[in-house]
Amino acid sequence: MKHLHNRIYVKPMNKHEKNEIKNVLSSQIDMLTKQTSDIDPDPAHLLRLELLCSAMNRIDAENFGECFICDSPIAIDLLRTSPEKKLCSKCSGYSPET
Ligand SMILES: [Zn+2]
């Protein structure tokens, strides 16, 4: 019988997937930069932009895509839509059932 551990196993991302996330990041940064006006910037846009830029700075690090709390890999599908995520679905309190 296999040893069971209480973590949901998520495959760590490979090079190809990392490049994909990198592209998502740069296009989202691009889009938000264009949407954000210099005169009257939307605070929500600015915050997201900041998070995206910090993700861009971290993307080449070995541990990018790992949860800051539990070190489990963050689901690639989550990173595809929100590449700035730092926590896995479990630690961020997100549950797909609710
Ligand atoms: Zn976690």
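Each value in this text was obtained by applying a stated rule to the coordinates, not by laboratory testing. A quick note: this is a predicted structure, and the numbers were derived from the prediction, not measured. Note: ideal-geometry Cβ built from the backbone for every residue, glycine included; neighbour counts use all protein chains shown.
What the table below lists for this structure:
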| item | result |
| --- | --- |
| Listed peptides 16-28, 77-89 by packing density, highest first (mean Cβ within 10 Å) | 77-89, 16-28 |
| Principal semi-axes in Å for the chain [√(5λ), Cα gyration tensor, largest first] | 29, 15, 10 |
| 19 Å Cα-Cα threshold exceeded, pairs from K22/K85; K22/K90; K34/K85 | K22/K90; K34/K85 |
| Cβ charges +1 (Lys, Arg) and -1 (Asp, Glu), total dipole of the chain, debye | 500 |
| Residue-span extension gain [F68 to H45] - 0.36 nm each, minus C-alpha spacing | 6.0 nm |
| Computed Rg/Rh of segment 13-69, alpha carbon atoms with Kirkwood Rh | 1.05 |
| Length-normalised contact order for the chain - Cα pairs under 8 Å, 6+ apart - percent | 31 |
| Helix 15-35 axis, angle to the chain major axis (alpha carbon atoms, nearest 10°) | 30 |
| Unit charges at the beta carbon, dipole of segment 15-81: most positive-side option, L49, I39, N19 | N19 |
| Folded to 0 to 90 degrees: helix 43-58 orientation relative to the chain principal axis, Cα | 60 |
| Helix-only [θ]222 nm of the chain, DSSP H runs n ≥ 4, -39500 (n - 2.57) each, per residue, nearest 500 | -14000 deg cm²/dmol |
